[in-house]
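First the structure, in the form of structure tokens, and then the observations on it.
Here, each number is a calculation from the coordinates, and none is a lab measurement. These numbers were taken from a predicted model, which means no experiment stands behind them. Here the Cβ positions follow ideal geometry from the backbone for every residue, glycine too, while neighbour counts run over all protein chains shown.
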Amino acid sequence: MSKTKANGIQIEYETFGNASGRPLLLIMGLGGQLIFWNEDFCRELASRGHYVIIYDNRDVGLSTKFDQAGEPDIIGTFMKIHSGDKSGVPYMMEDMADDGAGLLDALGIASAHICGISMGGMIAQTIAIRHPSKVLTLTSIMSTTGNPDLPQPRPDVQAALVAPPPLERNANIEYQVGIFRMLAGCGFPHDEEWTRKVMTQSYDRCLYPQGMGRQTIAIMAQNNRKAALASLKTPTLVIHGTDDPLVPLEGGKDTAASIGGAKLLLIEGMGHDLPRGAWSQIVDAISELTQKAG
């Protein structure tokens with residue numbers, strides 16, 4: 001793993017594949033460190049000719065933490081946002097998008113294929129809107145447009161994600177494993193062994209729940225991107241599971257409908273996760289998109 005300065009912060013990143021390949025920036029979701037990208041998945045993409053780049057978003061992992069913003073007050077800030085006041089928001093989705101674009105600049109990559117999952121999909125969409133010349137293709141996985149009229153997460157899942165996690169090591173790991181179990185769909189086997197391994201690595205690498213809290217606030221404060229997405233000319237792939245309890249299927253459909261010519265790939269039985277059994281469909285679809293774009 002390596003670190004570089006981008007958009008005024010330090011970003012931890014890792015790469016897979018040959019640097020002469022098609023650059024593919026993978027952006028992780030809420031609270032997820034770069035190790036949440038399964039290495040085998042990254043290597044499969046690299047084997048298809050991609051130069052895969054993964055990184056820790058701000059406020060997680062080994063990238064810059066925003067301690068100066070203070071302990072996040074999710075409920076209080078949400079109430080202010082709901083009343084139209086975003087003054088207490090530490091940073092916006094646009095700032096996180098500029099981090100990703102800045103990382104490409106720091107690596108000397110003029111343009112890349114951009115793929116984001118969940119919150120990472122929101123960031124990827126925002127990069128395409130703010131930095132269109134940097135985006136060769138856009139892939140948005142189990143994400144949404146920020147449209148406030150769309151269905152909300154399943155209440156039990158939403159409650160679990162905003163609840164303070166236990167800080168003791170074993171309790172925290174089991175809590176996180178339980179969250180991933182809750183997010184998994186019924187159509188594929190859930191790899192609990194891998195999940196527990198990564199949650200253990202994540203705890204030992206960097207336990208920083210306040211960063212996830214501030215990222216949650218950024219999601220709450222996100223703008224409705226529908227109109228801006230409609231102006232995109234970027235070749236786009238939208239992937240969504242039919243069993244997603246966190247970002248309902250309508251979020252993916254709304255994303256695809258908002259971007260002219262976007263392809264929508266629905267994966268039956270996939271939840272808010274990337275099960276190994278769905279990789280072939282996902283890797284094939286991304287590779288087809290990036291190959292066509294050149």
Legend entry - GNM result for the chain, Cα springs below 10 Å: residue of GLY84, GLY61, GLY187 fluctuating most strongly: GLY84
Legend entry - Centre separation in Å (Cα based) which lies between segment 94-116 and segment 243-294: 21 Å
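Take every DSSP beta bridge whose two residues both sit in the chain, then give the antiparallel share in percent to the nearest 5.
That works out to approximately 25 percent antiparallel.
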Inset, instruction - Would you mind telling me which residue in GLY121, GLY277, GLY252 has the biggest mean-square fluctuation in a Gaussian network model of the chain, where springs connect alpha carbons within a distance under 10 angstrom? - result: GLY277
Inset, instruction - Between LYS197 and ILE109, with labels modelled 7 Å along Cα→Cβ, what's the label distance in nm to one decimal, could you check? - result: 2.5 nm
Inset, instruction - Subtract the Cα-Cα distance of GLN10 and GLU168 from 0.36 nm times their separation in residues, and report this length gain in nm to one decimal. - result: 54.1 nm
Inset, instruction - Select from ASP98, ASP273, ASP191 the residue whose mean-square fluctuation is largest in a Gaussian network model of the chain (Cα-Cα springs shorter than 10 Å). - result: ASP191
Inset, instruction - Arrange LEU246, LEU289 by Cβ neighbour counts within 10 Å, fewest through most, would you? - result: LEU289, LEU246
Inset, instruction - Please report, to two decimal places, log10 I(q)/I(0) for segment 130-265 at q = 0.09, 0.10, 0.20 Å⁻¹ as given by the Debye formula with identical point scatterers on the Cα atoms and no solvent. - result: -0.34, -0.42, -1.23
Inset, instruction - Using the Kirkwood radius over Cα pairs, work out the Stokes-Einstein diffusion coefficient for segment 2-293 at 25 °C and 0.890 mPa s, in µm²/s as a whole number. - result: 130 µm²/s
Inset, instruction - For an R0 of 35 angstrom, estimate the FRET efficiency from the Cβ-Cβ distance between LEU207 and ASP284 and round to the nearest 0.05. - result: 0.45
Legend entry - Per-residue [θ]222 nm for the chain (sum of -39500 (n - 2.57) over DSSP H runs n ≥ 4, rounded to 500): -12500 deg cm²/dmol
Legend entry - Least to most buried among SER47, SER83, SER258 (fewest other Cβ within 10 Å first): SER83, SER47, SER258
Legend entry - FRET E, pair LYS233, ASN18, Förster distance 30 Å, beta-carbon r, rounded to 0.05: 0.55
Inset, instruction - Just list whichever of LYS226/LYS292; LYS134/LYS263; LYS233/LYS253 have alpha carbons separated by over 22 Å in the model shown. - result: LYS226/LYS292
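Order these by the 10 Å Cβ neighbour count, fewest first: TYR55, TYR13, TYR208.
Fewest-to-most Cβ neighbours within 10 Å comes out as TYR208, TYR13, TYR55.
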Inset, instruction - Would you please give the FRET efficiency between ARG276 and ILE75, computed as 1/(1 + (r/R0)^6) with r the Cβ-Cβ distance and R0 = 51 Å, to the nearest 0.05? - result: 0.90
